[in-house]
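Just below is one structure, and these are the notes that go with it.
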C-alpha cells in the first residue's frame, strides 16, 4: 500500500511539478508519470531486505512456490497506480486541487483494501464489492505469496486485475487525449 500511495502521489503531480519542461520542450510526456511510478519501486526494493530480516526474526517464510507470484502483485499495483496517475496528472494540469484530494483518498483506501484485516473474514457479498478495488487483490495476493496467508479467491482476484487494467487503459487514453492541451492549460 505504501508503494501505491507513493507512486500515485508522484505520478499525479509529475506534470505540474515539471511545468517548465512540459511547456518548453517536446518529449513524450507519458514519461513523467511513468518515471514517478518507477522511482517508488526502488524504494520498495530497498525496504525488501528489512521485510526479509523481520520474516527471518519471526520465523515466517513462504511455504510454497507461490512466492514467485509476488512480483505479479506488485506489477498490478504498478499498473493501477500508473493508470490512476495518468488520469489524475492530466486532470491536475487543468484543476490544481488534485494534490489536495489525493491524501484524503489515500487515507481511506487502506480501509477499503484489507490492509488492517483479512478480506476473507468479512461476509462474502462485501468481499466481492471490495474486489472492485485492485489494491485488495494486491494485498491479498502479497500476503498469500510472501506471508503464507490463505490463498485469495481467484474470481475476486480476476475482478481486481480486470479493474486495474481498465484503470490503466482509461487513464492512458484520457492522458493521450488531453496531452495536446497540456502546455496551453498550464
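Taking every Cα-Cα distance in the range 3-79 and sorting them into 5 Å bins starting at zero, the pair-distance distribution P(r) comes out as 3, 13, 18, 18, 14, 11, 8, 6, 4, 3, 1 percent. With respect to the chain, whose longest principal axis is taken over its alpha-carbon atoms, helix 31-58 is tilted by about 20°. Were the residues from residue 111 through residue 148 laid out at 0.36 nm apart, the gain over their Cα-Cα distance would be 11.2 nm.
The convex hull built on the alpha-carbon positions of the range 102-186 has an orientation-averaged projected area of 7.1 nm².
Axis of helix 154-178 versus longest Cα principal axis of the chain: the two differ by about 10°, to the nearest ten degrees. For the pair residue 24 and residue 100, label points projected 7 Å from Cα toward Cβ lie 2.9 nm apart.
In the chain, one over the average inverse separation of all distinct C-alpha pairs is 17.4 Å, which is the Kirkwood hydrodynamic radius. Each helix, a run of at least 4 DSSP H residues, gives -39500 (n - 2.57); summed and divided by the residues of the chain, these come to -24000 deg cm²/dmol at 222 nm. The angle separating the long axis of helix 98-108 from the principal Cα axis of greatest extent in the chain is about 10 degrees.
We did not get these values from a lab; they are worked out from the coordinates using the rules stated. The structure displayed is predicted, hence computed values, not measured ones. Every residue, glycine among them, receives a Cβ derived from its backbone with ideal geometry; neighbour counts consider all protein chains shown.
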